[in-house]
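Student: Shown below is the structure under consideration.
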Amino acid sequence: MTSAGTHIPVDPVTAGLREIRERLGRITDGEVANYIPELARADPDAFGIAVVSMSGHRYLAGDTDVAFSIQSVSKPFVYALALADLGLDAVLRRVNAEPSGEAYNAISLEPGTGRPANPMVNAGAIVTTSLIVAPDAAARFERIRACLSAFAGRDLDVDEQVYASEAATGDRNRALAYLMRGAGSLVGDVHEIVETYFRQCSVRVTAADLAVMAATLANGGVNPLTGVTVIQEPVAVQVLALMATCGLYDEAGAWLLRAGLPAKSGVSGGLIAASPARLGIAVYSPPLDVAGNSVRGVKALTEASERFALHLMHRPLQQTLTVTDRSTAREHPSARPRDAAATAILRRDGRRIAIVSAQGTLEFTETERLLNEVRTALPPAPGWLVLDLERVTHVAKGAAAMLGATLGDLVRSGYEVAVTAQESMAKEAHRDGDTWTVFAGREQAVAWCEDRLLAGRG
Ligand code: GLU
């Protein structure tokens, strides 16, 4: 216990990150990459873990402000830019999306076409870079730099020493590029494309930056720090899917099994993972395992995933929908004044107007439950339904479609349907030609059904 005025206890996320870092900091396995000479200068003891939540809150432990070159962690973000430029089908024609099960620098090309296996290995990333729409190489790189910066929420620059070092020793990547151009899968000036790719890999970031970048993907493409929409939500979904299957080179399968998160590593020791709608997390620790992934990074993110229960395949918490009322207009009539004859009819037939009220959010499971409640509540046709969703705060796209389809079916089966909902939600569910009616409030909806019932009695 801390008494008031002493100190505020550390939050559980920071405490968790610190504990993981403390323990895993003792690991001395792995080798700092040295095939790019400049990378060999990295401090093997540097170790930082950063988390950014969907509200834009940062949680930091250790060396989260040490700058390093982004390397392959750039690949998913540049892939996002290519998807935004060309769309998934056009991009897939040029770069496949199958885990290669091979090393990052492997010649993973489709026999015949030379199409690279996926955009997370070097061959695929080089083609992806070439796809970014721009009038020339300088403009192409500027678009890439600006895109990475928007993901990070600050202006990023290039580590010129790393760039020069990689350019001086990057023959394997040049060879890959020439092979692909020979096979017809890479189009353009090989020298320019590979140099742009090297510059992209040399963009300077910190673990704190990478956490923001990952959080932006987790947040459907909206940077939680700046509020800027960096990419559209469907693109974020596609990028995360690719990171889930191909993000960790030849360790991708075991990674998804254990940590259960879309992720991407790079040879400078950076590693990111995204937990959709929850957080982005990044580690910096340069020593790598034989697959080229940060040794401490893989362990730290696996542990963080377990500690905060982030595995994608976890059964999510549901139960956010509460049906607050299932009754009829007989028990809950409107307050509209009626003469004695009308009141008598409504007292007798009011149960032909079913009322279902709910609150919470509607995704697949909640909508499925709500629609079952509606079915149970309905009187035999012809009849009326008041579906009172005024306190439903959010409706997912698929859920709106389910709802809209069911209400349409009810109308065709002889029911009159009155819905109350917040405006955005009503718009989402309502399609042109739908014959169910949206009301401002439950009282008006019930009164309308009563009027219709009485008119029918004429
Ligand atoms: N620039 C590095 C290369 O192309 C990136 C490799 C990586 O981070 O996996 O070799």
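The values are calculated or read from the model by the stated rules, or taken from the named source; none is laboratory data. None of the values given here were measured: they were computed from a predicted structure. Cβ placement follows ideal geometry from the backbone for every residue including glycine, while neighbour counts extend to all protein chains displayed. To get the accessible areas, we keep the full protein, side chains included, count just its heavy atoms, and leave off ligands, DNA and RNA. Shrake-Rupley method; radii C 1.70, N 1.55, O 1.52, S 1.80 Å.
Student: Give me the angle, in degrees from 0 to 90, between the Cα long axis of helix 207-218 and the longest principal axis of the Cα atoms of the chain, rounded to the nearest 10.
Tutor: The helix 207-218 is inclined about 40 degrees to the chain.
Student: While we're looking at this one, here's another question. Which value results when the Cα radius of gyration for the chain is divided by 2.2 N^0.38 Å?
Tutor: Its radius of gyration relative to the 2.2 N^0.38 Å reference: 1.25.
Student: To the nearest 20 Debye, how big is the dipole of the chain about its Cα centre, given +1 on the beta carbon of each Lys and Arg and -1 on that of each Asp and Glu?
Tutor: Working: 44 positive and 52 negative charges, 291 e Å.
The dipole of the chain has a size of about 1400 debye.
Student: Which of rounded, prolate or oblate describes the stretch 339-447 when judged by the alpha-carbon gyration tensor and an a/c cut-off of 1.5?
Tutor: Details: a/c = 1.89, a/b = 1.71, b/c = 1.10.
Because a/c hits 1.5 or more and a/b exceeds b/c, the stretch 339-447 counts as prolate.
Student: Using a 1.4 angstrom probe, figure out how much accessible area the chain has per residue, in square angstrom, rounded to the nearest whole. If you can, show how the numbers build up before the last one.
Tutor: Working: 20090 Å² over 458 residues.
It amounts to 44 Å² per residue over the chain.
Student: Rounded to two decimal places and with Rh computed the Kirkwood way over Cα pairs, what is Rg over Rh for the stretch 161-206?
Tutor: Details: Rg = 11.4 Å, Rh = 11.0 Å.
Rounded to two decimals, Rg over Rh is 1.03.
Student: Can I ask one more? Per the 1.4 Å probe, what fraction of the accessible area of the stretch 175-242, in percent, lies on carbon and sulfur atoms? Before the final figure, lay out each step's value.
Tutor: Details: 1250 of 2260 Å².
That share works out to 56 percent.
Student: Run through all the Cα pairs of the stretch 1-82 and give the fraction in each 10 Å bin from 0, expressed as whole percent.
Tutor: It works out to 13, 32, 35, 14, 6, 1, in whole percents.
Student: If you take the beta carbon distance between ALA440 and HIS7 as r and set R0 to 51 Å, what does 1/(1 + (r/R0)^6) give as a FRET efficiency, to the nearest 0.05? Write down the numbers at each step before the final one.
Tutor: On the way: r = 51 Å, r/R0 = 1.00.
In this case the efficiency is close to 0.50.
Student: Can I ask one more? Projected area of the stretch 213-339, taken from the Cα convex hull and averaged over every viewing direction, in nm²? Please report the intermediate quantities before stating the final value.
Tutor: Working: hull surface 49.3 nm².
Hull-based average projected area comes out at 12.3 nm².
Student: Under the rule of at least 5 residues apart or a separate chain, name every residue whose amide H is placed under 5 Å from the amide H of ALA33.
Tutor: LEU288
Student: Separate question: Set Lys and Arg Cβ to +1 and Asp and Glu Cβ to -1, take the dipole of the chain about its Cα centre, and tell me which of THR361, THR324, PHE141 lies farthest positive.
Tutor: Of the candidates, THR324 comes out farthest on the positive side.
Student: Would you mind checking the tilt of helix 122-131 against the longest principal axis of the Cα atoms of the chain, expressed as 0 to 90 degrees and rounded to 10?
Tutor: Roughly 70 degrees between the two axes.
Student: In deg cm²/dmol, rounded to 500, what helix-only [θ] at 222 nm does the chain give when every DSSP H run of at least 4 residues adds -39500 (n - 2.57) and the total is split over its residues? Provide the component values of the computation, followed by the final result.
Tutor: On the way: 17 runs with 202 residues, N = 458.
Result for the chain: -13500 deg cm²/dmol, rounded to the nearest 500.
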